[in-house]
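Asks: This is the structure I want to talk about, given as C-alpha cells.
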Amino acid sequence: MLDVLNALGDLPRMLELVAEAERLAVAVDDKPRLVRVFSYANRCFWWLGQHGPGLAAGERALEIARALDDASLEVVANYHLGLTCMFAGDYRRGIEVYRRTNEILHGDLQFQRWGMPALPVVISRTWLGYGLACLGDFAGALATTADALRVAEAADHPYSVAVAVQGAGFPYVVRGDVPHALQWLERAVDIARTGGFAALKVLGQISLGRVLSLAGRHDEAVAMLEDGAAYAESIQYHAWQPLTLTWLGDAHRRAGRLAHAMAMIDRALRAIRAQGQSAVEAEALLVRAAGHAADACPDLEAARAAAVQAISLANIVGARPLVARGQLTLGYISRRAGASDRAREHLTRASDMFASMGMDHWSEQVAAEYPILG
C-alpha cells in the first residue's frame, strides 16, 4: 500500500499508515518493522521539507538496523536517509550512506526491492551520482547514474526506470550541459506523466525548467517551473520548494523581469532557511548577487556581499561547481565596479575550476567577460 501511495504522492494517507504502523511495532517490540516505519517517517518528513525530524527518524532506523546486524534492513534505512542528507546539503554524508548501500547490494541482491518503492540500488546510485555531481566529480557521477539505469532496465521495473532516467539527467543539470540534460529530462518528464508518478513528475519538471532557463527559453522555463511548483504544492511536496523558487527567480532574472526575480529570491531564501538547505541557499544567493549587479540601478556592494556569502556556504558543503560560479559572479561584479585586476583574478579562478570539471557552458560565460574587461 505504501508503495502505491508513494508513487501517487498521497502524503496524508502515508502519514496515517506510518503512525499506525509505529504504534503496532512498538506494542509488539518488532524492531525490524520499526526500521521500516522510521524509514518511511524519514521520507514523510523529507517530503514536507522538515529535514531535522527526517534525519532523526532516518538515523534511528539505521541505528536499529545496525544493532540487529541486518544488512537488508540497513539498505532500507539508507534508502531515505541518504536523500535527506543530500537535501540538507550534507553531500558527503549522503554519499557515504549510499556507498554503503552499494557495498551491500551486489550480484542478485541488486534486483531485490525489500518492499521499497524503487530498487534500493537504483535509488542509491541515482542520488550518489547527484551528490558526486554537486561536489564536481562529473565522471564519477555519470558512471554511477549509468549503472543505475542499467540495473533498472535489466529489472524491467517501471518506477525504478523512471527514477534512473531522471538520475541520468541530474549531473548534466549541475554541469550546465544543456543538450544532454534536455535529452534525459524530456524523456523523464514523459515517463513520469505516463506512469502517474507524482513525485517524479515534480522533480522532472523542476529540473527541466532549469535547463530551459539555461538554454534561454525563458517563457517555457517559467511555465514549466510554475506548473511544477503548483503541482508540488497540491500534494504537499515541499522538499523541492526552495530550489524551485530559486530557479524560478533566476528564470525571471534571465528574462529581464528583475523586480519579480528579486521578490522570488526573497521567498526562496525564507523557505531555504526554514528547511536548512545550505547548498540551495548558496544557489539563491548567487541569483541575488546577479540581480543586485544587473544594469538597472546596480547595488554592487550588496551584490558582492551575497556572492561572498554564497561562496562561503558552497565551500562548507564542498560544492565546487557553486564555488566556481561564485567566482564568475564576483568577476562580473568586480568588472562592473571598475576593479579590473580583481575581476581578472576571479575570472581566472572560475575559468580554471570550470575547465577542471568540464563545465563548458559556464566556461563560455567566463570567456564572454574578457572582451568587455579589456
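Asks: Which pairs have Cβ atoms under 8 Å, sit 6 or more apart or on different chains, and link a residue in region 149-165 that is modelled with pLDDT of 95 or more to one that is surrounded by fewer than 24 Cβ atoms within 10 Å (Cβ to Cβ) and assigned to a loop (DSSP other than H, G, I, E, B)?
Replies: From region 149-165, the pairs are HIS157/ARG113; TYR159/PRO117.
For every residue, the table says whether it meets (1) under 28 Å from ALA229 (Cβ atoms); (2) buried (at least 22 other Cβ atoms within 10 Å of the Cβ); (3) modelled with pLDDT of 95 or more; (4) small (Gly, Ala, Ser).
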{"position": "GLY49", "(1), (2), (3), (4)": "yes, no, no, yes"}
{"position": "ARG66", "(1), (2), (3), (4)": "no, no, yes, no"}
{"position": "VAL76", "(1), (2), (3), (4)": "no, yes, no, no"}
{"position": "TYR98", "(1), (2), (3), (4)": "yes, yes, yes, no"}
{"position": "GLY107", "(1), (2), (3), (4)": "no, no, no, yes"}
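Asks: So how many residues does region 51-64 have that are within 27 Å of TYR231 (Cα to Cα) and surrounded by 15 or more Cβ atoms within 10 Å (Cβ to Cβ)?
Replies: So the answer is 6.
Asks: Does TRP114 satisfy the condition of being of a type in the set (Phe, Trp, Tyr) and assigned to a helix (DSSP H, G or I)?
Replies: Numbers: of a type in the set (Phe, Trp, Tyr): yes; assigned to a helix (DSSP H, G or I): no.
So TRP114 fails the test.
Asks: Please find, within region 329-338, the residue that is nearest to ALA306 (Cα to Cα) out of those that are of a type outside the set (D, E, K, R) and modelled with pLDDT under 95.
Replies: Among residues in region 329-338 that are of a type outside the set (D, E, K, R) and modelled with pLDDT under 95, the one nearest to ALA306 (Cα to Cα) is ALA337.
Asks: Moving on. State which residue is farthest from the chain's Cα centre (by Cα) when the search covers only region 26-40 and only residues that are among the aliphatic types (A, V, I, L, M) and modelled with pLDDT of 90 or more.
Replies: Ranking the candidates gives LEU34 first.
Asks: Mind checking which residues of region 212-254 are in contact (Cβ under 8 Å) with a residue 40 or more places away in the chain and more than 17 Å from the chain's Cα centre (by Cα)?
Replies: Residues satisfying the conditions are ILE235, GLN236, ALA251, ARG253, ARG254.
Asks: So which of GLY209, GLY140, GLY196, GLY115 is of a type in the set (Gly, Ala, Ser) and under 15 Å from the mean Cα position of the chain (by Cα)?
Replies: GLY209
Asks: A follow-up question, please. For region 130-165, which residues satisfy the criterion of being under 25 Å from ALA279 (Cα atoms), in contact with a Leu (Cβ under 7 Å, 6 or more places away or on another chain) and among the small types (Gly, Ala, Ser)?
Replies: GLY140, ALA141, ALA164 - these are the residues of region 130-165 that are under 25 Å from ALA279 (Cα atoms), in contact with a Leu (Cβ under 7 Å, 6 or more places away or on another chain) and among the small types (Gly, Ala, Ser).
Asks: Do any residues in region 317-337 that are in contact (Cβ under 8 Å) with a residue 12 or more places away in the chain have Cβ atoms under 6 Å from those of residues that are outside any helix (DSSP H, G or I), where the two are at least six apart or on different chains, and which pairs are they?
Replies: Here the result reads VAL317/GLY89; GLY318/LEU135; ARG320/GLY136; PRO321/GLY136; ILE333/ALA293; ARG336/ALA293, each pair linking region 317-337 to a residue that is outside any helix (DSSP H, G or I).
Asks: Would you tally the residues in region 118-161 being of a type in the set (D, E, K, R) and closer than 27 Å to ALA350 by Cα?
Replies: 1
Asks: Just to verify a result, which residue in region 145-162, among those that are assigned to a helix (DSSP H, G or I) and charged (D, E, K, R), is surrounded by the most Cβ atoms within 10 Å (Cβ to Cβ)?
Replies: ASP147
Asks: Restricting to region 58-102, name every residue that is touching a residue at least 60 places away in the same chain (Cβ under 8 Å) and either assigned to a loop (DSSP other than H, G, I, E, B) or not charged (D, E, K, R) (or both).
Replies: Within region 58-102, PHE87, ALA88, GLY89, ASP90, TYR91 qualify.
Each row is one residue, and each column tells you yes or no for (1) surrounded by fewer than 21 Cβ atoms within 10 Å (Cβ to Cβ); (2) of a type in the set (D, E, K, R).
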| residue | (1), (2) |
| --- | --- |
| ARG335 | no, yes |
| ASP341 | yes, yes |
| ARG344 | yes, yes |
| LEU347 | no, no |
| SER351 | no, no |
| PHE354 | no, no |
| GLU364 | yes, yes |
| ALA367 | yes, no |
| ILE372 | yes, no |
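Asks: Next question. Please go through (1) under 26 Å from GLN112 (Cα atoms); (2) among the hydrophobic types (A, V, I, L, M, F, W, C); (3) surrounded by fewer than 24 Cβ atoms within 10 Å (Cβ to Cβ) for VAL165 and return the number of the only condition it doesn't satisfy.
Replies: (3)
Asks: Taking the stated definitions as given, is ARG93 in contact with a Leu (Cβ under 7 Å, 6 or more places away or on another chain) and either under 25 Å from GLU153 (Cβ atoms) or buried (at least 16 other Cβ atoms within 10 Å of the Cβ) (or both)?
Replies: No: the conditions fail for ARG93.
Asks: Got a sec? Which of ALA181, ALA192 is among the small types (Gly, Ala, Ser), in a helix (DSSP H, G or I) and closer than 26 Å to MET357 by Cα?
Replies: ALA181
Asks: What residue, of GLY326, GLY331, is under 21 Å from the mean Cα position of the chain (by Cα) and either among the basic types (Lys, Arg) or buried (at least 21 other Cβ atoms within 10 Å of the Cβ) (or both)?
Replies: On inspection, the qualifying residue turns out to be GLY326.
The values are calculated or read from the model by the stated rules, or taken from the named source; none is laboratory data. Owing to the predicted nature of the structure, the values given are computational and were not obtained by experimental measurement. We place every Cβ from the backbone using ideal geometry, glycine too, and count neighbours over all the protein chains shown.
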